[in-house]
1. Say whether the condition of being out of contact with any strand residue (DSSP E or B) (no Cβ under 9 Å at 6 or more places or on another chain) and either closer than 30 Å to R171 by Cβ or outside any loop (DSSP other than H, G, I, E, B) (or both) is met by at least one residue in segment 86-95.
2. May I ask you to say which residue of G44, G36, G79, G24 is at positive phi and either touching a residue at least 24 places away in the same chain (Cβ under 8 Å) or surrounded by 13 or more Cβ atoms within 10 Å (Cβ to Cβ) (or both)?
3. Give segment 5-21 a look and list any residue that's open to solvent by 70 Å² or more (accessible area, probe 1.4 Å) and either of a type in the set (D, E, K, R) or in contact with a Lys or Arg (Cβ under 6 Å, 6 or more places away or on another chain) (or both), or say none.
4. Any chance you could count how many residues in segment 187-200 are touching a residue at least 24 places away in the same chain (Cβ under 8 Å), aliphatic (A, V, I, L, M) and not in a loop (DSSP other than H, G, I, E, B)?
5. Please find, within segment 147-186, the residue that is most open to solvent (accessible area, probe 1.4 Å) out of those that are in contact with a Leu (Cβ under 8 Å, 6 or more places away or on another chain) and either outside the structural domain of I214 (by the TED database) or in contact (Cβ under 8 Å) with a residue 40 or more places away in the chain (or both).
6. Considering segment 116-141 alone, what residues qualify as being open to solvent by 40 Å² or more (accessible area, probe 1.4 Å) and in a loop (DSSP other than H, G, I, E, B)?
Amino acid sequence: MSDLFWLTDAQMARLAPFFPKSHGKPRVDDKRVLSGIIFINRNGLRWRDAPAAYGPHKTLYSRWKRWSEKGIFARMMAGLSAEHGEKTTVMIDATYLKAHRTATSMAAKKGGRGRLIGRTKGGMNTKLHAICDSQGRPIDLFVTAGQVSDYIGARALLSRLPNVKWLLGDRGYDADWFREALQDKGIRACIPGRKKRKTPVKYDKRRYKRRNRIEIMFGRLKDWRRVATRYDRCPKVFLSAIALAALVIYWL
């Protein structure tokens, strides 16, 4: 089939340093299996519907599940994005991702973190929080339940911000503690103030217009059906699907 996705040898060479070591029986063709995993995630297919050219669908699923739980795909994205270190500007924002009924149909295991799926006006959702560079390329991702405030994602991502000069964000991140935390890190905030503020907040409106790049990034991630609609019950596996999409679109 001419419309199948295949990783190139150059792309495989960039990903190889992140592969876990093989113990016992050698793994089957990494290029074939990873290309099949990407094809399934991009098109939102069931694993059993994988084209025969990618080999047995059980092999694809077991590799996907095992590497997702180990965080391999997230480390791939983080590792490749770190090679293009941003020095000037980063942007922060969040978006809702619709949860399919297959992701919410069973109760979460006791003692776990839960599914990270919340009920909002738009239904059952997961919220994706992201940091991207000045070109709109994602460098850090974090997921929460849909009803969680943007502040929670900001607090989680704050310690992982790169050493830059500016951070762009919308009014949802207008909080005194956040601005002070950025100032302590030597980062200038370009965030408009909330309308309820008694004293208006000054910000660079010309610089703020560049924030549309993170909105474009979210739109491109949602072109992948497994990202736009959450089918996976495990939040770690779902985050791997998002990281894989970001990896293929921006960093390979």
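1. At the first step, the residues of segment 86-95 found to be out of contact with any strand residue (DSSP E or B) (no Cβ under 9 Å at 6 or more places or on another chain) are 87.
Checking the rest, the ones that are also either closer than 30 Å to R171 by Cβ or outside any loop (DSSP other than H, G, I, E, B) (or both) come to 87.
Within segment 86-95, one or more residues are out of contact with any strand residue (DSSP E or B) (no Cβ under 9 Å at 6 or more places or on another chain) and either closer than 30 Å to R171 by Cβ or outside any loop (DSSP other than H, G, I, E, B) (or both).
2. Working: G36 fails: at positive phi; G79 fails: at positive phi; G24 fails: either touching a residue at least 24 places away in the same chain (Cβ under 8 Å) or surrounded by 13 or more Cβ atoms within 10 Å (Cβ to Cβ) (or both).
Sole residue among the options that is at positive phi and either touching a residue at least 24 places away in the same chain (Cβ under 8 Å) or surrounded by 13 or more Cβ atoms within 10 Å (Cβ to Cβ) (or both): G44.
3. D9, R14, K21
4. 0
5. L161
6. Quick first cut of segment 116-141, residues open to solvent by 40 Å² or more (accessible area, probe 1.4 Å) only: 119, 121-122, 124, 135, 137.
Matches in segment 116-141: K121, G122, Q135, R137.
The values are calculated or read from the model by the stated rules, or taken from the named source; none is laboratory data. In this text, all values refer to a predicted model and were calculated from it rather than measured experimentally. Cβ atoms come from the backbone with ideal geometry, glycine included; neighbour counts cover every protein chain shown. To get the accessible areas, we keep the full protein, side chains included, count just its heavy atoms, and leave off ligands, DNA and RNA. Shrake-Rupley method; radii C 1.70, N 1.55, O 1.52, S 1.80 Å.
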